[in-house]
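A.B. asks: One structure coming up, written as structure tokens, with questions to follow.
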Amino acid sequence: MKISVKQSIAFLLVVLGTFGCGKDDETEVPPTSNITFSTSPVDLQGINAKFAKDIAYDSKERTQFDIWLPNANTPTGLVIYVHGGGFTSGDKNYVYAVQAGGAWDFPADIRFFLQNNIAFATIRYTLLKTIGETEGVKKSMGDVRRALQYIKHRASDFNIDKNKIILSGNSAGAGTSLWIALNNDFANAQSSDLVLRESSRVKGVAVRETQASYNVEDRWVNDVFVDYGLTWSQILANETGNIQKMYGVSSNTQYESPAIDAYRAEVDMLALMSADDPEIWVNNTLRDVVNPYNPFNADIPSHHAFHARELKERADAVGVKNIAYYGRNPIIYAHPSNENWAQFCKRKINE
């Protein structure tokens, strides 16, 4: 069995991402057999595939996904993508265009998947409030977890093999994907919501510009940024507002409580990882390897190369297969296979 002890989640809201427990008493969105197809926002260049948008997986304002489905006679694999944005911005249309200064060619990747009989979905989720947030990131991550279970619940409608699904994302979406993939199975066989009876386990997880853990107070100080001798006080000095928003608290006094200790324990992906977890592909190579707080650059701490380093080290220690790339100026580690994320997804789905 997997470890049930989870750890922390404080952070700088520039990009985090992960988790969501979901509630068993949520109202199920009943599946319907009809899917309305429309013109793909991505040029499919003649590939025989269909596109459907704004499929609701819950009744909230932002709980929808888009999906591309290859024309196949048998159930196909699926890659699910979760956008980033620090849980305060971003949308599922992120994959409609080339991103990261040309480094991430999503339209080409979508065509690659479809040509290889792999479906592709892009999810949006509830964002954190800019003022007065009381739930924290569990709200957002719970949406993504439910989206995965909803798609599995309707697997036959989408012609999807529910045992061949890859979770992927960048930044907050990457952390969310890791949290779901490394956690215990959320399936609740006793739930009155049929969606929540579905397994949340996946075949693999592919993440870019991710965080290693949302237990900032412990993991970022003692593991991720240990090279720089950072203190929790230094992080708080720069990130107090973001950390409070992440946990849904309004003061440092509220943060220093048993409830937030438990919250943090539930979102420590490093602690969650165990030998029975799916293979990981991780790439944090867009930014130079520098001290994240001297001087402080809001974009660096949550995307630093050392997050990928810690994920790889933990995976190696517990026996989880991994493909890792991290560091720019200097490059610290690059897996000798040179396997990119799309190739990784195809390999895992076909295994």
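A.B. asks: By per-residue mean of other Cβ atoms within 10 Å, what is the highest-first order of 343-351, 41-49?
C.D. replies: Per-residue Cβ counts within 10 Å, averaged per peptide and sorted highest first, yield 343-351, 41-49.
A.B. asks: Mind scanning 138/321; 162/245; 321/346; 162/348 and naming the pairs with a C-alpha gap bigger than 23 Å? Numbers along the way, then the final one.
C.D. replies: On the way: 138/321 27 Å; 162/245 34 Å; 321/346 16 Å; 162/348 13 Å.
Distance filter (> 23 Å) returns 138/321; 162/245.
A.B. asks: Quick check on the range 45-167: take the gyration tensor over C-alpha atoms, sort the square-rooted eigenvalues as a ≥ b ≥ c, and tell me if it's rounded (a/c under 1.5), prolate or oblate.
C.D. replies: Working: a/c = 2.49, a/b = 1.44, b/c = 1.73.
Oblate, since a/c reaches 1.5 and b/c is not below a/b.
A.B. asks: Right, another one. Using Cβ contacts closer than 10 Å as the measure, can you line up 217, 209 from fewest to most?
C.D. replies: 217, 209
A.B. asks: Kindly state, as a whole number, the per residue volume in cubic angstrom of the convex hull around the alpha carbon atoms of the chain.
C.D. replies: Output value, Cα hull per residue: 131 Å³.
A.B. asks: Highest mean first, what order results for 154-164, 289-299 on Cβ atoms within 10 Å?
C.D. replies: Averaged packing, sorted descending, gives the order 154-164, 289-299.
A.B. asks: To the nearest Å, what is the center-to-center distance of the range 222-262 and the range 263-326, using C-alpha atoms only?
C.D. replies: For the range 222-262 versus the range 263-326, the Cα centre distance is 18 Å.
A.B. asks: What value, in deg cm²/dmol to 500, does the helix sum -39500 (n - 2.57) over DSSP H runs of n ≥ 4 give at 222 nm once divided by the residues of the chain? Present the calculation step by step, with values, prior to reporting the outcome.
C.D. replies: Working: 10 runs with 98 residues, N = 351.
My calculation for the chain gives -8000 deg cm²/dmol from helical runs alone.
A.B. asks: Moving on. At 20 °C and 1.002 mPa s, grab the translational diffusion coefficient of the range 226-351 from Stokes-Einstein with a Kirkwood Rh over Cα pairs, rounded to a whole number in µm² per second.
C.D. replies: D = 128 µm²/s.
A.B. asks: Can I ask one more? So what is the relative contact order for the chain, in percent, with contacts set as C-alpha pairs under 8 Å and at least six apart?
C.D. replies: 24
A.B. asks: Using the 10 angstrom Cβ neighbour count as an exposure proxy, how do 94, 228 rank, fewest first?
C.D. replies: Values: 94 20, 228 16.
Starting with the residue having the fewest Cβ neighbours, the order is 228, 94.
A.B. asks: How would you rank 40, 233, 213, going from fewest to most other Cβ atoms within 10 Å of each one's own Cβ?
C.D. replies: In increasing order of surrounding Cβ atoms, one gets 233, 40, 213.
A.B. asks: Would you please put 333-339, 169-175, 51-57 in order of how densely packed they are, using the mean number of other Cβ atoms within 10 angstrom per residue and starting with the highest?
C.D. replies: Ranking, from highest mean packing down: 169-175, 51-57, 333-339.
A.B. asks: Over the Cα atoms of the range 190-253, what radius of gyration and what Dmax do you get, in Å?
C.D. replies: Cα only, the range 190-253: 17.2, 49 Å (Rg, Dmax).
We did not get these values from a lab; they are worked out from the coordinates using the rules stated. Please read all numbers here as calculations on a predicted model, not as lab measurements. So basically every Cβ, Gly included, is an ideal-geometry build from the backbone, and we count neighbours across all protein chains shown.
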